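Take this structure, written in structure tokens, and hold onto it; I'll ask about it next.
Bear in mind that the values in this text are calculations on the coordinates, not laboratory data. The structure displayed is predicted, hence computed values, not measured ones. Every residue, glycine among them, receives a Cβ derived from its backbone with ideal geometry; neighbour counts consider all protein chains shown.
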Amino acid sequence: MSYRRYPDRERALSQLDRHHHVPPPSGLQTRLAVQVRAALEHAERELAPFHEALRQAAVNAPSLLAQASPAAARFAEALKQNARTA
């Protein structure tokens, strides 16, 4: 066969796939996929309140830190200014 500088893409892919046959998923694989999807959806619903609480804590952390210690508040302010100038 002669060298082709720009071979036909579809022809090349069909040649690669000629001996590659993917069997259909078994019943066990299908059931496992359904169970995994259900478990992930359940975990998402159960962890949503925890995620929201962590997000609120991150939002409120600077004000809580300022209330706890004036020195910590000055340190946090210095970090913010450094982040702005960097």
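Every residue in the range 25-44 that is more than 17 Å from the chain's Cα centre (by Cα) and of a type in the set (D, E, K, R), please.
ARG31
Next question, about the same structure. Within the range 71-84, can one find any residue that is touching a residue at least 12 places away in the same chain (Cβ under 8 Å) and among the aliphatic types (A, V, I, L, M)?
yes
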